[in-house]
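What follows draws every value from the coordinates through simple rules; no lab data is involved. Fair warning: this is a prediction, and the values are worked out from it, not measured in the lab. A quick note on method: Cβ atoms are made from the backbone with ideal geometry, for glycine too, and the neighbour counts reach across all protein chains shown.
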Amino acid sequence: MIDKISRRSLLQTSATMIISTCLSSPCQLLARSLNILKGKTRLGVISDPHVNIQGSSGWLMGQFSTTGLQMVVEELNIKNVDFVLVAGDLLADGEWENLLVAKDILDGLRAPYFVISGNHDYRPADTSRMRKGFSYISTTDFAKIFSGHGYGSSGNIFWSQELTSGLRVIGLDGCLREEKIGWGGNLPAEQLAYLEDQLQNSLQQVVVMVHHSLLHWGDDGRSRRGRWYSLENSAAVRRILERHHEKIAFVVSGHRHVGLHFQFRQHIPYFLVPSINSYPMRYTIFELDQEAVQWTTPGLRVTPEFHGLAKNGLQQADWYREQDDLGRRRLLEFYENSIQRNGRISCQSGGDDPV
Ligand SMILES: [Fe+2]
Ligand SMILES: [Fe+2]
């Protein structure tokens with residue numbers, strides 16, 4: 001089936017991809033004793049806004065970070081989504097001043113919103129990254145500020161939140177807070193056990209949100225730097241998800257800063273969602289019902305010139321310029337990934353193994 005999907009994807013000429021295959025969830029839920037997802041639920045997802053009140057623009061559009069987040073909040077309000085998920089990296093590097101601005105903007109959302117931390121949302125272990133004029137937050141500061149937005153009073157950095165009688169979100173955090181080099185992650189044993197327990201006991205369809213990915217994308221698995229985009233123990237996390245695959249609506253991750261990517265793995269749909277603060281500057285809206293999961297990734301409403309500036313910022317980045325012409329072209333396609341920008345996964349049967 002993966003081959004079929006790939007072939008179909010290659011044949012698509014429009015930006016809309018329709019996969020007419022059975023997703024193990026949510027359609028399997030119809031055949032099971034889980035609570036039924038009633039009507040449509042629309043989830044907006046914002047990822048990697050990297051708010052930086054003193055930012056300059058390059059690969060990350062730092063100068064635009066507060067305006068960009070405000071724009072997305074306004075658009076999600078106009079689009080009247082039911083809930084908003086924020087998939088981490090809210091800040092440049094764990095600054096109090098940026099945190100307060102990000103929180104203030106997100107509080108403008110009319111829909112309830114839920115947050116997980118990314119690897120830029122606490123005091124950096126590498127103190128050379130700390131800047132004059134800023135003060136720095138601890139992990140517990142972040143969880144306290146966003147108390148009621150997923151985080152509870154336990155002090156835990158992971159959480160489980162009921163959205164509706166038929167839908168739950170589990171937020172996980174595999175960030176390595178003492179790591180000075182790189183941007184990798186590893187999900188602690190405590191959270192593996194928590195995930196297993198939550199899935200075991202959930203009567204709802206579940207969205208799992210975690211900043212680091214649980215899969216490699218593109219060539220990421222071939223280099224040390226590329227592997228930092230996913231959790232070191234992602235296979236162990238996936239094994240837990242696979243044991244409860246009939247309850248998993250989908251898994252959503254940020255951190256990679258590319259256009260939306262999607263793939264099935266062992267019945268489970270995995271989504272990598274774009275950053276609003278780097279090219280191609282998009283956010284995501286998922287629509288779930290009993291029949292399907294649909295997604296769109298609208299771009300921020302900026303001028304073509306500004307979008308070009310963000311593209312230029314990407315193309316000036318070291319790792320981009322190091323490529324030859326073919327490598328740069330492939331990299332740009334990977335970053336834009338137009339073929340999966342919008343899509344729909346429909347359910348036609350009771351959940352046959354799609355693999
Ligand atoms: Fe990021
Ligand atoms: Fe990140």
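Just a few scattered comments:
- In the calculated pair-distance distribution of the range 82-159, the portion above 19 angstrom amounts to 32 percent of the Cα-Cα pairs.
- Chain lengthening between Ala235 and Asp197 when straightened (0.36 nm per residue, less Cα-Cα): 11.9 nm
- Kirkwood-based Rg to Rh ratio, the range 253-355, C-alpha trace: 1.05
- Taken over the range 188-316, the alpha-carbon convex hull comes to 116 cubic angstrom per residue.
- The dipole here belongs to the range 48-202: it is taken about the Cα centre, uses +1 on the Cβ of Lys and Arg and -1 on the Cβ of Asp and Glu, and is about 280 debye.
- Computed over the chain with a Gaussian network model linking Cα atoms closer than 10 Å, the most mobile of Ile285, Ile36, Ile78 is Ile78.
- Inverse mean reciprocal Cα-Cα distance (Kirkwood Rh) of the range 159-236, Å: 13.6
- When the Cα positions of Tyr122, Gly174, Val258 are compared along the charge dipole of the range 22-346, Val258 comes out farthest toward the positive end, with charges on each C-beta of Lys, Arg, Asp and Glu.
- Computed Rg/Rh of the chain, alpha carbon atoms with Kirkwood Rh: 0.94
- Size of charge dipole - the chain - debye, nearest 20, with Cβ of Lys, Arg +1 and Asp, Glu -1, no other charges: 500
- Each of Arg42, Arg224 was scored by other Cβ atoms within 10 Å of its Cβ. Arranged with the fewest first, they read Arg224, Arg42.
- When you restrict to C-alpha pairs under 8 Å that are six or more residues apart and normalise by the size of the chain, the relative contact order lands at 26 percent.
- Remark: the Leu100-Glu242 segment gains 47.3 nm on full extension, using 0.36 nm per residue and subtracting the alpha carbon distance.
- Added length on full extension, which subtracts the Cα-Cα distance from 0.36 nm per residue, His216 to Arg110: 34.7 nm
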